[in-house]
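Worksheet: the structure to be examined is printed underneath.
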Amino acid sequence: AKAVKAGASAPTASELERVWADYQVWRDVAWYVPRPLLGAVVLALLWSLMRRKWAIAACVLWIGGLAALVAGRLIRLPGANMMQNFAVLIALYIPVGLTAGWLLSEIIQIVKQATRFAFRNNPITHCAIFSLILTLALAGFMKQMRIVDPRCALVTRPDMRAMAWIRENIPQNALFLVEGFRIYGGFSAVGADAGWWIPLLARRANTMPPQYALLNESPIDPDYSQRVVDLVAYLEDHSPASPDGLLRLCEWGITHVYIGQGQGKVRPGAVQLFAPDDFTNSLVFRPVYHQDRVWIFAMNPEVCRRAGP
């Protein structure tokens, strides 16, 4: 986000809009947590307050506290710009699991007290309770099995084979040009296929650092984060194999190009920056790996030497 001048007394309209937009993700809370569990959390909060179980109530209030931090941007609360409601949503399983589990244990204790004799002498009752818990667990398990969308997978098996090939065949000082696209109104950028994971999986450098590093960390080169975003913006309008594109790649010190199985189109909003055809028809790039839809091209270093001073 744009830096705010110190001493500003009131949030701007754009800041209000960004904060409001951040809270819109709560409309999808039922996608992250099933409605029955959300209801159980509300019941757990009410029951914990009645029983004065403050630790349980604090778990629920913790959710609201984290979400409220986002609004702290409007009063320049330190660290508020580091918080997103999406981060709260994906961490809901922690307080939801604790509170819903506690509520279930309370219900079991109440039932046991009401039917103490049946629990003590009738194994059928124990089996019935166990079967109910198992059924609920299996229902939740089946939902969790469907939560992974293969269309959103950045790294696939063909990419993993390519990563192994890179580790064995590409010099350690290589720098890969990889697919990516801009986000947050063009202020940051993220990867759009497995090329984003090259530093971790293949131990080689690429042109797309982790997105949170771009937003929240200070690079050794003060201009590095902006250069990453500028490179993506430039390639949106220029082919990397064009004369101007080659000059930009030489400025970066690019040695290789990686196009993953996802072809630079993984994640909503991703637009492919470059395609294999941009390089297969160029005399500057040489294909060194091609399996499935994964391509790796090596760039002729003589081009950058001729373009140098």
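Quick notes on this structure:
- Elements of the type strands (runs of 3 or more DSSP E) sitting completely within region 211-309 and holding at least 3 residues that are under 29 Å from Phe187 (Cβ atoms): these cover 256-259.
- So Arg27, is it at pLDDT below 85 and either within 24 Å of Leu16 (Cα to Cα) or open to solvent by 90 Å² or more (accessible area, probe 1.4 Å) (or both): no
- Residue within region 140-151 that is of a type in the set (Val, Ile, Thr) and in contact with a His (Cβ under 8 Å, 6 or more places away or on another chain) present: no
- All positions within region 76-93 that are open to solvent by 20 Å² or more (accessible area, probe 1.4 Å), touching a residue at least 24 places away in the same chain (Cβ under 8 Å) and not in a loop (DSSP other than H, G, I, E, B): Asn81, Met82, Phe86, Ile90, Tyr93
Conditions tested, residue by residue: (1) in contact with a helix residue (DSSP H, G or I) (Cβ under 7 Å, 6 or more places away or on another chain); (2) touching a residue at least 12 places away in the same chain (Cβ under 8 Å); (3) open to solvent by less than 50 Å² (accessible area, probe 1.4 Å).
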position	(1), (2), (3)
Gln144	no, no, no
Val155	yes, yes, yes
Asp159	yes, yes, yes
Gln172	no, yes, no
Phe181	yes, yes, yes
Trp197	no, yes, no
Arg203	yes, yes, no
Tyr212	no, no, no
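- Top-ranked residue in region 68-86 [being closer than 16 Å to Glu17 by Cα and not aliphatic (A, V, I, L, M); ranked as modelled with the lowest pLDDT]: Asn81
- Residue match in region 58-70 (condition: of a type in the set (Phe, Trp, Tyr), open to solvent by 40 Å² or more (accessible area, probe 1.4 Å) and under 30 Å from Ser14 (Cα atoms)): yes
- Residues of region 214-232 include at least one that is modelled with pLDDT under 95, open to solvent by less than 40 Å² (accessible area, probe 1.4 Å), out of contact with any strand residue (DSSP E or B) (no Cβ under 7 Å at 6 or more places or on another chain) and not basic (Lys, Arg).
- Per-region count, region 34-44, residues hydrophobic (A, V, I, L, M, F, W, C) and either crowded, with 18+ Cβ neighbours inside 10 Å or touching a Gly at 6+ places or on another chain (Cβ under 9 Å) (or both): 4
- Residue, farthest from Ile133 (Cα to Cα), within region 49-106, restricted to residues that are among the basic types (Lys, Arg) and under 27 Å from the mean Cα position of the chain (by Cα): Arg76
The values are calculated or read from the model by the stated rules, or taken from the named source; none is laboratory data. All values reported here derive from a predicted model rather than from experimental measurement. Please note: Cβ atoms are built from the backbone with ideal geometry, for glycine as well, and neighbour counts cover all protein chains shown. The protein model used for the area step is the full one, side chains on, heavy atoms only, and it has no ligands, DNA or RNA in it. Shrake-Rupley method; radii C 1.70, N 1.55, O 1.52, S 1.80 Å.
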